[in-house]
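Following: one structure in structure tokens, then a few remarks.
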Amino acid sequence: MNTQVQEVAGREQRRGTLFGRLRSYFVYVPLVYLYTLVLGILSLLSSLFDVSGRVQHGFARLWARMILKTGFVPVHVEGLEHIDPAHPAVYAANHLSALDIPVLLAMIPGQFRIMAKKELFRYPFMGWHLKRSGQIPIVFGDAHASVSSLKRAGRSLRKGLPLMVFPEGGRSPNGQLQPFMGGAFFAAIAEQVPVIPITIIGTYELLPMNSFYAIPGPVEMIIGKPIPTTGMRLRDLDKLAAEVRNAVAEMLSSRAKSVASTVHHRGTEVTEKTI
């Protein structure tokens, strides 16, 4: 057994209680599969007459909210004023957990399209929904294989539909922010639309990578100010990626400092009362 597997096993052993594990394995996970099956079928049927994707996005949002409610995952959102669903933009979020997509679908207003790993499009029901609802498959690290997908992303933005990307290329294996890939911002520069950084906090602790054991708990989503791409060229991809990553990292750092300050303040109050 390698070190990474040992770390994952040790972390899983420390998370929660036996009751929590049984609840997750025998109640929560089966219900998630049930929601995916039922709403996936309804979404596929609606795609026969829903050319705009509005109804399918509605089913996806309902699926996301049901998952969060069933898992007892309340989400606190800041910065919604930075999003205008009527104008195209690229939303760039950090990626910590399989819970991230339900959080984004449930909390971000208006329709948007997701640029997701091509492998997800092969799953029954979920993959079928992704294809029929106009989501965009991407092969990270293979520019040649992704040319058609990048063109589709551009067409989505030209139609006025925002695009969701995960610039890290996948879920973080350790809960830490990973490097951002410049290619994730190709469509933003090509179409000269702003990038809106989104920071998700807390999903890794509830459902880390390579785990089927989800625990209840709160999640935060912080939406940063739009970063304009006007005048940028494709040679600026890495520069833009660094700027967006810095914005996400700054929001993470600011939240960590806020939490630390609150804990210190409460600790001081307890000490004063004790004295």
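Tabulated data for the structure shown
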item: Residue in segment 69-76 that is surrounded by 19 or more Cβ atoms within 10 Å (Cβ to Cβ), in contact with a Gly (Cβ under 8 Å, 6 or more places away or on another chain) and either under 28 Å from M181 (Cβ atoms) or not acidic (D, E) (or both) present; result: yes
item: F140 vs. criteria modelled with pLDDT under 90, part of a loop (DSSP other than H, G, I, E, B) and aromatic (F, W, Y); result: yes
item: Which listed residue is at pLDDT below 85, of a type in the set (V, I, T) and surrounded by 14 or more Cβ atoms within 10 Å (Cβ to Cβ), from V55, V8, V32; result: V8
item: Selected residue (criterion: farthest from R54 (Cα to Cα)) from residues of segment 75-97 that are of a type in the set (A, V, I, L, M, F, W, C), at pLDDT 95 or above and part of a loop (DSSP other than H, G, I, E, B); result: L96
item: Criterion (hydroxyl-bearing (S, T, Y) and without any contact (Cβ under 8 Å) to a residue 24 or more places away in the chain) met by exactly one of S24, S46; result: S46
item: Members of segment 156-192 that are among the hydrophobic types (A, V, I, L, M, F, W, C), outside any loop (DSSP other than H, G, I, E, B) and more than 14 Å from E243 (Cα to Cα); result: L157, L163, M164, V165, F186, A187, A190
item: Residue selected from segment 144-180 under the condition within 20 Å of D84 (Cβ to Cβ) and among the small types (G, A, S), by the criterion surrounded by the fewest Cβ atoms within 10 Å (Cβ to Cβ); result: G160
item: Qualifying residue in segment 19-26 (condition: under 29 Å from I227 (Cβ atoms) and surrounded by 14 or more Cβ atoms within 10 Å (Cβ to Cβ)); result: no
item: Residue count, segment 201-235 (criterion: in contact with a His (Cβ under 8 Å, 6 or more places away or on another chain) and either free of Cβ contacts under 8 Å to residues at least 24 places away in the same chain or of a type in the set (A, V, I, L, M, F, W, C) (or both)); result: 3
item: Hits in segment 66-107 (condition: touching a Leu at 6+ places or on another chain (Cβ under 9 Å) and among the charged types (D, E, K, R)); result: none
item: Meets criteria (small (G, A, S), surrounded by fewer than 19 Cβ atoms within 10 Å (Cβ to Cβ) and either in contact (Cβ under 8 Å) with a residue 24 or more places away in the chain or in contact with a helix residue (DSSP H, G or I) (Cβ under 6 Å, 6 or more places away or on another chain) (or both)) for G183; result: no
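The values are calculated or read from the model by the stated rules, or taken from the named source; none is laboratory data. All figures in this text were calculated on a predicted structure; none of them were measured in a lab. Reconstructed Cβ throughout: ideal geometry from the backbone, glycine too, with neighbour counts over all protein chains shown.
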